[in-house]
Structures are given as structure tokens and as C-alpha cells.
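The values are calculated or read from the model by the stated rules, or taken from the named source; none is laboratory data. Computed from a predicted structure; not experimentally measured. Reconstructed Cβ throughout: ideal geometry from the backbone, glycine too, with neighbour counts over all protein chains shown.
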Amino acid sequence: MILDTLAKGARRRARVLEEADGEGIREAAIARALDEDVHDFPFERNLRAEGVNIICEVKKASPSKGIIADHFPYLEIARDYERAGAAAISVLTEPDYFLGSGLYLKKISRAVQIPILRKDFIVSEVQIYESKLLGASAILLIVSILTDEELTRFIRTAKGLGLSALIETRTEEEIRRAVLAGARIIGVNNRDLRDFSIDNTRAARLHSLVPEDTLFIAESGIQKREDIEEFLAAGIRNFLIGEAMMKAEDKAEKLAEFIGEEPRVQCKICGISRERDIDFLNDALPDYAGFIFARSPRKVTPDKAAGLISLLDPRIKAVGVFVNETTETIADIAKKTHLSVIQLHGDEDFETIREVKERTGLPVWKAIRAGSEEDILPWNDSPADALLLDAKVMGKRGGTGKRIDPNFARAVRKPFLLAGGMNCENIVRAARIARPFAVDVNSGVETDGMKDKEKIQAVIRLLARSGLRKG
Ligand SMILES: O=C(O)c1ccccc1NCC(=O)[C@H](O)[C@H](O)COP(=O)(O)O
């Protein structure tokens, strides 16, 4: 059976590794784990995020399909997965049948911010230490090639290194063994590695045997949205997809098909200060353009803003950004420059928000610099028409490029925009998790402090290809 052959090959490679420098690998991996926050477990955190979470696989070949990708620009593929909104990336490192390599994993882990699962046939602890050094956040452990003792020990070793372990099963008995061994993540492989047949009902059937607090992943054989729909009906929302993602020419479109969303997100590009920026926006057509009337490298005077806004395509609404400004000044500027929305980005209280609404007759968005969900809660009762969730950076008001955890959006009970370090790499996943009515991008579409035409277009196109915004 192929699995025995694969496990045999893995044992041989593990022996070579152990003999070459087993002790050195162990020590270096432990030192790295001590250096990091080993309690963070980003792989698990991402799979616990709201909605459908998809792990996309980077693999050149497989024993069942042969060569999947003749042309294999693995770094580009991994970056495309990240932009498309993958929850994590699975990288095949088995060299003989999957034509994988540890080097692929090492380079990919440096090129993307999302967690990486090492997909291999782990039969020895030295491979777990090696996975840590390669930059993995998680490893795969296949129940059928391990004893109960090995499974328990490997899960414990991985945990000690800050690595998550995805425990792959195929039968009721294997799920029972995985649970007893202390699995926190259980996958069911729909592919039978004895004859490569696919049974897409397997994961759905076995799902109910997995304890509720254990993460569950349906693996293999998922080709189209209808497959996902069947799993969703069975309460499964985490998936590992290989071949279909590898073969998709447009990863963002394919992931959007799997996730199946209605276009609902608008886009604001903030910090517009030059005539050239207006040309970029008129070309890309975001929904909102932000003009900053507060202390900032992007500050515009009311006169300058009035000139710029007069050149703006009428389909783009002008948003004025103010920090602790008087209501009178805000009203004057709003009138002079023809603003459509007022964004208050300072310490304005409910009373000020009410006054600004009354004096200007315009919708008011209140920016909240959120370091936690608690920072958001009191603002649910505010008179603002919408909240703008931004990152909390000491001594800075906005435009920091610092990311906010999109899961904080759980605390919001009003319409809201998501801001803070948004760029082409993270915007799709953040928007899918937080589900704002609009995303706000500023420094993420700049190069050397100036708005960048290509980056603006890339964000707008990506939102459309991902099915999040009307194209
Ligand atoms: O952008 C600024 O320089 C700024 C300064 C003072 C107050 C607000 C500011 N920006 C407000 C915004 O709406 C930004 O788009 C938001 O903070 C996100 O910025 P970024 O993290 O750079 O994408």
C-alpha cells in the first residue's frame, strides 16, 4: 500500500536526519520555541475565526494524480493564496511522490504572514523539530502510520514547540485514538490512500464523533462549491483543499467560489492629498476618498481639499477626517469642500458626535482605536452612524499601517468600517472575518509615503475577484 511505502521512505529520511545532527536540530528548535510566544498557535487561531476557513495546499505532484503543476512557482502560489484569503497554507515536503521539499516550506514561511502546515509523513520526533526550524506553525500526524504512544508523544512534543498538530483520520476507530491521544485538531481524509478513491460523505459522517471543542477539518477531494455546501449542512466549516486550488488559474476567484459570498463590501481609500491621487481614484473607482484635516503627513488644507474634491468622480464620496476639531470648523470645512461624510478620529464624545451631525446634516463615522473588544463595546450606544475600527498605536491617531485583529468585530453592534494596516495581502481575509460594510485602506496603498496607482488598483480588483465588492 502507498501509505506504507511513504511511511518507509519517511523513516529512512528521519534516520538520515537524526544521524546527521539530531541533537543540533532538537536544541535549535527548542531555542527557537523559547524565543517565541509558544502559546499563540496561529494555525488554530485562524481556524477558529468566523465563517468558512480554507487551508490551501502547495503541491507539485501526488501519487494519485501524478504531476499537478508542471510549472511550479511555489512562492507566487503561496502569496496568491494569502491574498485570496486562505486561513493557512499546507506545504507538501515529501520528496519522492509529492515532489515536495523542506526548502519550499522554509521560503514560503518567510514570504507570507499566514500560518503554514507541514504536510509530510511524520514518523519520528526529529521531523517535528525540523518542522519548527523550517518555519511551520503546524504539522500533520497520520493516525494510521503511528502507534498510540507515538501519537500522544508527538502531539505533546509539537505543543511544547508551539506547533499545532492536525491529526488525520479516516475511520471511527482512528478518531477514537486521536481523541484519546489528546488531539485538538482532527481532520478526516475523504481520500482512501489504499486505492485513492474519494468519498466526500466520509468527513460529514464522522464529524459527529469529534468532541465539540476540537477543531474539525474536511480534507481532500473538494472540487466545487456544492461539495462545501454539503459539508456546511453537516456543520463543517474548515477545509483543506489541494488539487482544485493548485489548478485554479485565479486563486482569489476560486476561493470566492468555495466560500460563496454576495458582494457587500465598499472601499475607502484614505489620505488623498494630490491631483495625481485623484486620477488614481477616478480610474480605480473606490466608494469613498478620505481627506485628512488633522496633523498628518497626509494633511490637506480646506482650499486644497476643495480643489481636489471638485476633480473627484461623482461616484466617489468625499470623507473628511477630523481630530478633536471644533464643530464650527468641521461644519465650515464640510460646506466649503462638499464633504459627504464626517469621520471623527480623535477623542470626540457622544455629545460632540450629536452636534456635528446636527450642524452638518451629514453622516458621522466615529473612529475607535481598538486594542481589544472591550474598547469597542461602549461605542455601540453612540449616536454615530457607523464606527470605524482602527488599530491602537500609542501616540498616533491613524494611518499607522498597524493591523487590528478582525475578530474584534464580534463586539460591534452597528454598521462599521474596518481599517488598520489593510493591504493586498490581508484585506480579503480580514473582510471575510470581520464582515464590515466597508474597508479603509491608507498606508497599505502607498509607496514611500505617496499613494501608489498600482497598489490602489490591485486592492480594488482583488476585492472584486474575491466576490467581496461589485466589480
Ligand atoms: O492617515 C493619517 O495620517 C491620519 C492621521 C490622523 C488621523 C487619522 C488618520 N487617518 C485616518 C484613516 O482613516 C486611516 O485610513 C486609518 O487610520 C487606517 O490607516 P492605515 O493603517 O495606514 O491603513
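Would you check if there is a residue in the range 423-439 being in contact with an Asp or Glu (Cβ under 7 Å, 6 or more places away or on another chain), assigned to a loop (DSSP other than H, G, I, E, B), modelled with pLDDT of 95 or more and near the ligand (Cβ under 10 Å from one of its atoms)? Explain how you work it out, then say what you get.
First, the residues of the range 423-439 that are in contact with an Asp or Glu (Cβ under 7 Å, 6 or more places away or on another chain): 425, 433, 438.
Now narrow it down to the ones that are assigned to a loop (DSSP other than H, G, I, E, B): 425.
Checking which are modelled with pLDDT of 95 or more leaves us with 425.
This time we only want the ones that are near the ligand (Cβ under 10 Å from one of its atoms), so: none.
No: zero hits.
Would a scan of the range 65-83 turn up a residue that is within 24 Å of L17 (Cα to Cα) and in a strand (DSSP E or B)?
no
Check I114, I108, I139, I128 and return the single one that is surrounded by 23 or more Cβ atoms within 10 Å (Cβ to Cβ), assigned to a strand (DSSP E or B) and at pLDDT 95 or above.
So the residue among I114, I108, I139, I128 that is surrounded by 23 or more Cβ atoms within 10 Å (Cβ to Cβ), assigned to a strand (DSSP E or B) and at pLDDT 95 or above is I139.
L387 - would you say it is crowded, with 21+ Cβ neighbours inside 10 Å, under 20 Å from the mean Cα position of the chain (by Cα), assigned by TED's automatic domain parsing to the domain that holds R295 and modelled with pLDDT of 95 or more?
Answer is no for this residue.
Looking at (1) under 18 Å from A289 (Cα atoms); (2) of a type outside the set (G, A, S); (3) surrounded by fewer than 18 Cβ atoms within 10 Å (Cβ to Cβ); (4) in contact with an Asp or Glu (Cβ under 7 Å, 6 or more places away or on another chain), which is the one condition that is false for K470?
Just one mismatch for K470, condition (4).
Across the range 268-295, which residue is farthest from the chain's Cα centre (by Cα) among those that are within 13 Å of the ligand (Cβ to nearest atom) and either among the aromatic types (F, W, Y) or closer than 30 Å to I222 by Cβ (or both)?
In this case the residue turns out to be F293.
Going residue by residue through the range 331-350, is there one that turns out to be within 15 Å of K268 (Cβ to Cβ) and either outside the structural domain of R413 (by TED's automatic domain parsing) or aromatic (F, W, Y) (or both)?
No, there is no match, as no residue in the range 331-350 is within 15 Å of K268 (Cβ to Cβ) and either outside the structural domain of R413 (by TED's automatic domain parsing) or aromatic (F, W, Y) (or both).
How many residues are surrounded by fewer than 16 Cβ atoms within 10 Å (Cβ to Cβ), touching a residue at least 60 places away in the same chain (Cβ under 8 Å) and of a type outside the set (A, V, I, L, M) when one looks only at the range 16-44?
Qualifying residue count, the range 16-44: 4.
Does at least one position in the range 395-403 carry a residue that is modelled with pLDDT of 95 or more and within 14 Å of the ligand (Cβ to nearest atom)?
Among the residues of the range 395-403, not one is modelled with pLDDT of 95 or more and within 14 Å of the ligand (Cβ to nearest atom), which makes the answer no.
Suppose we filter P286, P263 for residues that are touching a Lys or Arg at 6+ places or on another chain (Cβ under 6 Å) and of a type outside the set (S, T, Y); which single one remains?
Step by step, each of P286, P263 is checked, and only P263 is touching a Lys or Arg at 6+ places or on another chain (Cβ under 6 Å) and of a type outside the set (S, T, Y).
Can you pull out every residue in the range 404-422 that is part of a loop (DSSP other than H, G, I, E, B), crowded, with 22+ Cβ neighbours inside 10 Å and more than 10 Å from the ligand (Cβ to nearest atom)?
V412
To keep it simple, each residue is scored yes or no on (1) touching a residue at least 40 places away in the same chain (Cβ under 8 Å); (2) buried (at least 16 other Cβ atoms within 10 Å of the Cβ); (3) in contact with a Cys (Cβ under 7 Å, 6 or more places away or on another chain).
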{"residue": "A178", "(1), (2), (3)": "no, yes, no"}
{"residue": "I185", "(1), (2), (3)": "yes, yes, no"}
{"residue": "S197", "(1), (2), (3)": "no, no, no"}
{"residue": "T201", "(1), (2), (3)": "no, no, no"}
{"residue": "L215", "(1), (2), (3)": "yes, yes, no"}
{"residue": "I222", "(1), (2), (3)": "no, yes, no"}
{"residue": "E226", "(1), (2), (3)": "no, no, no"}
